[in-house]
Amino acid sequence: MKFSRSLRALTTLAAATLFALPARAIDVDAGDYTALPPGTNLGLLYVQQAGRDKLYADGDNVGINPKLDSTIGILRGVHYMDIGGYIVDPQFLLPFGKLDAGRDIGALGSNTGVADLILAATVWFNKADSKTHFGITPFLFVPIGQYDNNEPLNLGENRWKFALQAGYITPVTDKLTLDLVGDFTIHGKNNDFGPGSDELKQKVLFQFQGFLRYHLSPATDLRLGLSHVTGGETEVNGVDQDNRLSTSKFNIGASHFIGPKTQLLATYGRDLSVRNGFKEDGRFNFRILQIF
């Protein structure tokens with residue numbers, strides 16, 4: 001019985017390291033689906049720090065004392081343009097940073113580098129003067145990130161991914177705004193997974209996000225967000241790993257324009273419930289946005 005429990009913990013740990021990557025799901029910030037005028041350019045820098053101190057399998061704590069921290073930066077560039085009467089914003093996101101394991105999983109070590117490049121472009125379907133915004137975004141994850149199949153922690157995934165996301169923003173009152181976002185991600189194969197160069201497949205991953213923003217002024221808001229991720233069960237060499245995700249989390253924060261073209265944003269969040277994988281005990285996100 002003790003051996004069976006230990007084996008389960010090791011199997012869960014091996015699968016969970018995959019979901020500790022910076023691009024586990026397509027998190028957005030409230031307001032991201034606001035259509036800006038054609039010709040606008042944005043430069044953004046994100047700094048994200050997250051800690052994980054529990055590991056779950058089928059909703060149960062596996063009984064080890066893990067520590068897995070990540071410090072991730074993201075460079076993002078966005079350009080708004082008009083194509084056939086629609087506002088479109090081709091963009092790129094380049095994550096980079098460090099993963100660091102400790103305590104009972106310290107043998108996993110640490111790793112630094114660049115993660116996979118993300119290419120995207122939102123197409124908006126609302127009228128330019130509307131206070132309601134609706135857009136659809138295809139994402140392509142290009143596997144250029146740091147990856148070594150002999151390393152247990154990697155920032156790159158060694159596989160292509162495609163995601164489709166839809167976002168909707170509408171005012172509730174003069175001071176309150178609602179954001180709703182949903183997406184699904186399709187994963188390509190990783191044919192060099194783990195020391196044995198195994199074949200990794202993953203089922204479709206779904207995410208749903210909702211935010212409320214309270215506007216203290218045109219330049220400042222307070223925000224609350226909830227998110228749920230589900231699906232994404234993996235298969236290694238044809239063997240189902242029984243590790244379907246079902247993770248709920250929240251975040252709170254604020255944004256403020258310190259000048260006409262510079263916005264600062266800070267949020268704090270943590271996981272509320274986890275079915276499989278590491279549970280985040282805290283995530284800090286800081287973003288600076290510059291309009292050009």
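The values are calculated or read from the model by the stated rules, or taken from the named source; none is laboratory data. Note that the structure is predicted; figures quoted are calculated from it, not measured. Note that we place each Cβ from the backbone using ideal geometry, even for glycine, and neighbour counts take in every protein chain shown.
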>> Take residues that are over 17 Å from the mean Cα position of the chain (by Cα) and β-branched (Val, Ile, Thr) and tell me which of the strands (runs of 3 or more DSSP E) falling wholly in the range 208-266 contain 2 or more.
In response: 234-236
>> Only one of Leu200, Leu155 is surrounded by 22 or more Cβ atoms within 10 Å (Cβ to Cβ), of a type outside the set (Gly, Ala, Ser) and not in a strand (DSSP E or B). Can you tell me which?
In response: Leu155
>> Among the residues of the range 274-289, are any surrounded by 15 or more Cβ atoms within 10 Å (Cβ to Cβ), modelled with pLDDT of 95 or more and farther than 26 Å from Asp100 by Cβ?
In response: yes
> Among the residues of the range 75-134 satisfying the criterion of being of a type in the set (Val, Ile, Thr) and either at pLDDT below 95 or more than 23 Å from the chain's Cα centre (by Cα) (or both), which is farthest from Thr170 (Cα to Cα)?
Replying inline: Ile105
>> Restricting to the range 124-136, name every residue that is touching a residue at least 40 places away in the same chain (Cβ under 8 Å) and either under 17 Å from Phe92 (Cβ atoms) or not basic (Lys, Arg) (or both).
In response: Trp124, Asn126, Ala128, His133, Phe134, Gly135
> Are any of the residues in the range 228-245 in contact (Cβ under 8 Å) with a residue 60 or more places away in the chain, within 22 Å of Ile26 (Cα to Cα), small (Gly, Ala, Ser) and out of contact with any Gly (no Cβ under 8 Å at 6 or more places or on another chain)?
Replying inline: yes
>> Going by what's in this entry, would Arg270 be described as free of Cβ contacts under 8 Å to residues at least 24 places away in the same chain and under 20 Å from Ala25 (Cβ atoms)?
In response: yes
> Which residue, of Phe162, Phe193, Phe206, Phe211, is at pLDDT below 95 and of a type in the set (A, V, I, L, M, F, W, C)?
Replying inline: Phe193
> Of the residues Ala50, Ala57, which single one is at pLDDT below 95 and either in contact with a Ser or Thr (Cβ under 6 Å, 6 or more places away or on another chain) or among the small types (Gly, Ala, Ser) (or both)?
Replying inline: Ala57
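Report whether or not Thr185 is under 16 Å from the mean Cα position of the chain (by Cα), of a type outside the set (A, V, I, L, M) and either outside any strand (DSSP E or B) or crowded, with 16+ Cβ neighbours inside 10 Å (or both).
On the way: under 16 Å from the mean Cα position of the chain (by Cα): yes; of a type outside the set (A, V, I, L, M): yes; either outside any strand (DSSP E or B) or crowded, with 16+ Cβ neighbours inside 10 Å (or both): yes.
Yes: the conditions hold for Thr185.
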